[in-house]
Amino acid sequence: ARAAAEEKVFPPIFSKTTKNQTPISGLIISSLLTTLLIFFNYSESLQQQFQNMILLSTLSTLFPYALCSIAELVILKKRGVAISWNNHKKLILISLFGLLFSIGAIIGTGPKTILYGLLLLIAGLPFYYWGYRKSLPVNELTK
């Protein structure tokens, strides 16, 4: 969160640090969110709550991983490179394997985790939009 705030894609409160460079605001906010997550699962055992948090954490890395697995193909295509099986066999296979692995692992986290992950993704969209708007030049905002 601190790095994102320093890049101006997260609110500046996340970049505030102590004299020892500890990102105190981000730690407090993430601790509150973790406590909230535990509260939503208060009827489950501590082991089950921990498992839910691990699955949600894993899910949060799998979605970007799935997108990154095909990113190079998309970038090459946008640069005008003619992607063909004969010339890019290894790249296509690695991308396909990464995408299929990610999709399988996402499904493996379970429907409850996927729902929570989707809700958290939706909850993060205003932050993304805020950072995106802040990064645009003033003349782009009036278009």
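Suppose all protein chains stay in the model; what accessible area per residue would a 1.4 Å probe give for region 1-138, in Å²? Walk me through the numbers on the way to the answer.
Working: 10190 Å² over 138 residues.
Here the per-residue accessible area is 74 Å².
Calculate for the chain the 222 nm mean residue ellipticity that helices alone would give, adding -39,500 (n - 2.57) per DSSP H run of length 4 or more and normalising by residue count, nearest 500 deg cm²/dmol.
-25500 deg cm²/dmol
What nm distance separates the two modelled labels at Lys89 and Ala3, each placed 7 Å from Cα along Cα→Cβ?
3.6
Over region 1-55, what portion of Cα pair distances is larger than 16 Å, expressed as a whole percent? Display every interim value, and only then the final one.
Working: 782 of 1485 pairs.
So the pairs more than 16 Å apart make up 53 percent of the total in region 1-55.
Note down the nm distance, to one decimal, between modelled labels 7 Å out along Cα→Cβ at Lys78 and at Thr22.
4.0
Determine the relative contact order of the chain: mean sequence separation of Cα pairs under 8 Å and six or more apart, normalised by residue count, in whole percent.
Details: 101 pairs, mean separation 39.2, N = 143.
27 percent.
Ignoring ligands, DNA and RNA, what percent of the 1.4 Å accessible area of the chain is carbon and sulfur?
70
I need the chymotrypsin sites (Phe, Trp or Tyr not before Pro) found in region 1-77, filtered to DSSP loop residues with at most 10 other beta carbons within 10 Å of theirs.
On the way: sites: Phe14, Phe39, Phe40, Tyr42, Phe50, Tyr65; in loops: Tyr42.
Hits after loop and neighbour filter: Tyr42.
Given 4 °C and 1.567 mPa s, how large is the Stokes-Einstein diffusion coefficient of region 47-87 in µm²/s, with Rh as the Kirkwood radius over Cα pairs?
Values: Rh = 12.6 Å.
So the translational diffusion coefficient is about 103 µm²/s.
Give the peptides 99-112, 76-89 in descending order of average Cβ contacts within 10 Å, highest first. List each step's numbers first, then the result.
On the way: 99-112: 13.9, 76-89: 9.9.
Final packing ranking: 99-112, 76-89.
Mind running the shape call on region 56-137? Use the C-alpha gyration tensor, a ≥ b ≥ c as the square roots of the eigenvalues: rounded below 1.5 for a/c, prolate if a/b tops b/c, oblate otherwise.
Details: a/c = 4.34, a/b = 1.28, b/c = 3.38.
Because a/c hits 1.5 or more and a/b fails to exceed b/c, region 56-137 counts as oblate.
The values are calculated or read from the model by the stated rules, or taken from the named source; none is laboratory data. A quick note: this is a predicted structure, and the numbers were derived from the prediction, not measured. Cβ atoms come from the backbone with ideal geometry, glycine included; neighbour counts cover every protein chain shown. Calculation scope for accessible area: heavy atoms of the full protein, side chains included, ligands and nucleic acids excluded. Shrake-Rupley method; radii C 1.70, N 1.55, O 1.52, S 1.80 Å.
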